[in-house]
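Colleague: Input: one structure, supplied below.
The values are calculated or read from the model by the stated rules, or taken from the named source; none is laboratory data. Predicted, not measured: the structure shown is a model, and the values here were computed from it. Glycine also receives a Cβ, built like all others from the backbone with ideal geometry; neighbour counts cover every protein chain displayed. Only protein heavy atoms, including side chains, enter the accessible area calculation; ligands, DNA and RNA are left aside. Shrake-Rupley method; radii C 1.70, N 1.55, O 1.52, S 1.80 Å.
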Amino acid sequence: MELQREEERDAEVTWEDQQRINQFSRLNVRLENLEDEYKGQKTEKEYLDDLATEIELIDEEELVPYKIGDAFIMLSLEQAQARVERDKAAIDSHVDELDSQISAITTEMDELKRALYAKFGQAINLEKS
């Protein structure tokens with residue numbers, strides 16, 4: 001047991017090992033950014049779902065203020081509903097893309113973790129704190 005701990009501490013970090021560690025770090029940062037964006041898109045989807053519910057309660061003859069960027073435009077009820085549905089579909093598509101990217105990055109990070117833990121054991125910490 002003592003010999004194994006000593007070997008872990010004395011394991012030489014090769015150029016390839018350093019490249020793996022750097023790649024893991026870059027992937028970790030990218031993963032955190034994607035997860036933040038994913039959460040933001042999910043929140044935006046919830047807002048659009050709430051908006052769709054609220055729009056259903058509006059009288060058909062009224063114009064609906066719809067925000068585009070920093071400005072509001074007045075749309076008919078049908079136009080507003082169509083725009084909300086289009087925006088929800090775009091967000092769903094983007095969320096699916098983010099989900100696949102997160103999955104791919106997680107898979108690559110798991111492979112790097114296995115390789116690095118196999119060589120360095122407990123001498124390296126690759127877990128989120």
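Colleague: Considering only residues of the range 85-108 that are in contact with an Asp or Glu (Cβ under 9 Å, 6 or more places away or on another chain) and free of Cβ contacts under 8 Å to residues at least 60 places away in the same chain, which is most open to solvent (accessible area, probe 1.4 Å)?
Modeller: Among residues in the range 85-108 that are in contact with an Asp or Glu (Cβ under 9 Å, 6 or more places away or on another chain) and free of Cβ contacts under 8 Å to residues at least 60 places away in the same chain, the one most open to solvent (accessible area, probe 1.4 Å) is His94.
Colleague: Out of the helices (runs of 4 or more DSSP H) lying entirely within the range 1-120, which hold 1 or more residues that are over 20 Å from the mean Cα position of the chain (by Cα) and hydroxyl-bearing (Ser, Thr, Tyr)?
Modeller: 15-56, 77-120
Colleague: So, in the range 25-46, of the ones that are open to solvent by 50 Å² or more (accessible area, probe 1.4 Å) and touching a residue at least 12 places away in the same chain (Cβ under 8 Å), which residue ends up farthest from Asp96 (Cα to Cα)?
Modeller: For the range 25-46, the residue satisfying everything is Arg30.
Colleague: A further question follows. Taking the conditions exactly as written (open to solvent by less than 90 Å² (accessible area, probe 1.4 Å), in a loop (DSSP other than H, G, I, E, B) and within 30 Å of Glu12 (Cα to Cα)), does Leu126 satisfy them or not?
Modeller: Criteria met by Leu126.
Colleague: Moving to a separate point now. Being more than 30 Å from Leu126 (Cβ to Cβ), of a type outside the set (D, E, K, R) and at pLDDT 95 or above is true for just one of Ala104, Ala90, Ala80. Which residue is that?
Modeller: Ala90
Colleague: Applying the selection to the range 11-20, what residues are open to solvent by less than 50 Å² (accessible area, probe 1.4 Å) and of a type in the set (Val, Ile, Thr)?
Modeller: Within the range 11-20, Thr14 is the sole residue that qualifies.
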